[in-house]
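Visitor: Handing you a structure now.
The values are calculated or read from the model by the stated rules, or taken from the named source; none is laboratory data. This is a predicted model, so every value here is computed, not measured. Cβ coordinates were reconstructed from backbone atoms using ideal geometry, including for glycine residues, and neighbour counts include every protein chain displayed. All accessible areas refer to the heavy atoms of the entire protein, side chains included, with ligands and DNA or RNA removed. Shrake-Rupley method; radii C 1.70, N 1.55, O 1.52, S 1.80 Å.
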Amino acid sequence: MSCLTDEQVARLTLELPEDAEESRRLAVHLSECPSCRGKVAKNRGLIDRLAAAHAGLDRNHVDSREKLLEQLSRVDVANRPNKFWQRGGLIGAWSGRRQVATALIGISATAVLGLLLIVLNSGQRLSAMERMAKELKEVKSYSYKNTEHVMISQKGKTEPGIVDLSQLNYWQAPGRTREDLKIVLSGAVPRGYHPGQTQCDIVSISLMDKPGILIDRVLKTYTREPELRAEDTGSGSLIYPMSLLRVIREESGNVVRELGTKQIGGEQAHGYLMDYPKADWHDVEVWLDTETDLPLEVRHEAKDETTASEMQWTDFRWNTTFDPKLFDTTPPEGYADITPPDDVKTLAEITEALRLYAELSGGKYPPIDTYEVDAKFDADAIYAEMLKLTGFNGPPQPQWAGNEKYQEIQRAKSGLDWIAKITRDKNVTRYEGLHVGPQDKEKILLWWLNGDSQGYRVFYGDLTSKMLTDAEAKKAIAPRSKIFAEPAAEDEKATESQ
Amino acid sequence: MEANATNDANLVAQTLAGNREAFGQLYDRYARMVRAVVAGVSGDWPAVEDMTQECFLRGYRNLSKLREPGRFGSWIVGIARQVGRERRRSLARDRHEFSAAPVVEIESTINGETGVDEREQVEVVVQKIAMLPEQERVAVHAFFLEQRDATQAAELLGLSRSGFYAVVARGITRLAKQMRPDEMNQEKGSKR
């Protein structure tokens, strides 16, 4: 037998399994060949060092495990409610509606909170952070503006989809928040949308002492929102400025370089180019008030395979007095109230309307999927169809009034109207009678978000109904497709498609 | 691996129900493999523990997106690849600040002895590993961190058992060629 190849030497040294015949041949050769024996012995030194190096990596397993579990106690596992993000509030907190809007469009919007973490955690700026802590403790109100320009490459299209987002945020102690959010689409928009179209224009006001309101200026609707609870606004919650520091202190960022000073809104600002490795955020331009160390301006540009974005946070105002009208929850005149119901009577009306339609139509529900761009649940048309199916054609006749079926259809109109009203806001509701029938007792026919803290109301194909928690809803309800179809990204698939 | 999958699915469900200790058990099962992948993909040994923590934290935050809880292992390895790549990109951006070889905390006892020479020699090996192709780096790390057990490592890396061994052997061969004779330190290093 000729001398061993380098790979055979490696396999022998690593004691990798070989078939019996091969093992025997190698052993015989090794016993007869000093040169190959020498090579194996030499390799063993290398193997020992590799084992030693890896033992070092593994040595802290127990401590690391303990550290991880300790960290988990401060992280919300994804399917449990995260009050901070749901409620909106202090710096960078977005309402659930904004999350829905940005998720639909597919932009990876990032919170100002993250930027503040970047700003405030440089080891080089410890004293600034301490001053910041004091300043934050005294903050009674703030506002800022966030704008984002995002270009998204699309599968099969040469022109990108463009999203322009602008957002004004206000917060006032002890617990008043307002968010004005506008999203405009342009570039190559999909069928059913128009370049320059305002996709989202909402005002969300949340108050601690009474119900808030979410006004949709595109749909001309409003929804009553539950009031902020003490635990969402008190000193123990993330909505309160001091609580942010707890988060901030646990993070770390690096100053890449200083950018000098400039005037922003009449204030002297000092700039820093920041890196925030934990969030994979790089080259974030941050300008801090030299007097208070509070942020005056933040800018960031990011680009990956599918998305290029320019974001800026400007017009920071700290401890200013706001016009009380900013937090006025009176709905605009002419706007429809689409606050979802949760009373037994209304739920029964909805159930009865759908049951009756199925009975009259031979076992199906109104064939509509409100996720389709142009689709809507037209209560009047469905009511007219139900009359027609029962033979009540033409203008109403006095003799119909005594007919039991006619009376049933009259009563069903109320339930149909409710569904039409609720499903006007397609982002947080869906009616799926196009795909779900009375036999589909496992499938969801109709659902809506019932307010941040109350979960999701769902009706299954067999018209049983129940409330789902956020976690249950995430599993049961299919997410809506993004408006812009992004090219597949391998990295995303690796982490999310499992 | 079927029993593992069932067990993983149970642990994922328990975690989602609020049992953090269940996630600790997933950590026990897959942390070694995650360390292997982040070390192999990023080439940044000093940051391995931080990256491993980051992987499991991301996993925890996104656990409800995991469509097949029985495949937690493959999923967390996917996250590890992502975190490793991000780290590598970050290092590339800052390469001017990383001119020196990384300082590696090395197990100080080799062959029952403790000494500066041994540590230096291990550091040399670590530096040479960084020059291997990524697949070989990851496989070599996985081989040693998984106590030379190829069953789980091969599956999580998407290789057959024999394929995994072949990649490890190739990596060791390449590594041996890169070492100078004095770096191999045959006499001191051999214990067999």
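Visitor: Calculate the spin-label point distance for residue B:160 paired with residue A:474, positioning each point 7 Å from the Cα along the beta-carbon direction, and give it in nanometres.
Guide: So the label points at residue A:474 and residue B:160 sit 3.9 nm apart.
Visitor: Further question on the same structure: Label residue A:147 and residue B:17 with points 7 Å out from Cα along Cα→Cβ: what is the distance between them in nm?
Guide: According to this spin-label approximation, the distance is 5.1 nm.
Visitor: Over the heavy atoms of residue A:435, what accessible area does a 1.4 Å probe trace out, to the nearest 10 Å²?
Guide: For residue A:435, the solvent-accessible surface is approximately 100 Å².
Visitor: So how far apart, in nm, are the two label points at residue A:388 and residue A:403 if each is 7 Å from Cα heading toward Cβ?
Guide: 1.5 nm
Visitor: Across peptide B:60-66, what mean number of C-beta atoms from other chains lies inside 10 Å of a residue's C-beta?
Guide: Average neighbour count from other chains, rounded to a whole number: 6.
Visitor: To continue, here is another question. Based on the mean of other Cβ atoms within 10 Å per residue, sort peptides B:56-64, A:371-379 so the most packed one is first.
Guide: Listed from highest to lowest mean packing, they are B:56-64, A:371-379.
Visitor: If packing is taken as the average number of other Cβ atoms within 10 Å across a peptide's residues, how do A:385-396, A:351-362 rank, most packed first?
Guide: Going from most to least packed, we get A:351-362, A:385-396.
Visitor: Counting only protein heavy atoms, what percent of the accessible surface of segment A:309-372 is carbon or sulfur at a 1.4 Å probe?
Guide: Looking at segment A:309-372 in its full context, I get 51 percent from C and S.
Visitor: Still on this structure, I have one more. Along the Cα-to-C-beta direction of residue A:320, a point sits 7 Å from the Cα; which residues of segment A:140-170 have their amide N less than 19 Å from that point?
Guide: A:140-148, A:166-170
Visitor: Please compare each pair in A:364/A:443; A:42/B:177; A:220/A:443; A:405/A:441; A:220/A:325; A:303/B:128 to a cut-off of 22 Å on the Cα-Cα distance and tell me which ones are over it.
Guide: A:220/A:443; A:405/A:441; A:303/B:128
Visitor: Report the extension gain between residue A:262 and residue A:411 in nm, rounded to one decimal, defined as 0.36 nm multiplied by the number of residues separating them, less their alpha carbon distance.
Guide: Going from the current span to full extension adds 46.9 nm.
Visitor: Radius of gyration and Dmax for segment B:2-52's Cα atoms, expressed in Å?
Guide: 13.0, 36
Visitor: Just subtract the alpha-carbon distance of residue A:15 and residue A:299 from 0.36 nm times their residue separation and send over the number in nm, one decimal.
Guide: Additional length available on full extension: 96.7 nm.
Visitor: What is the gain in length, in nm to one decimal, between residue A:345 and residue A:3 on full extension, counting 0.36 nm per residue of separation less the C-alpha to C-alpha distance?
Guide: Net length gain for the segment: 114.3 nm.
Visitor: Calculated FRET efficiency, residue A:273 and residue A:201, Cβ-Cβ r, R0 35 Å, to nearest 0.05?
Guide: With R0 = 35 Å, the Cβ-Cβ based efficiency is 0.55.
Visitor: Averaged over peptide A:35-47, how many Cβ atoms belonging to another chain are found within 10 Å of each residue's Cβ?
Guide: Mean inter-chain Cβ contacts per residue within 10 Å come to 6.
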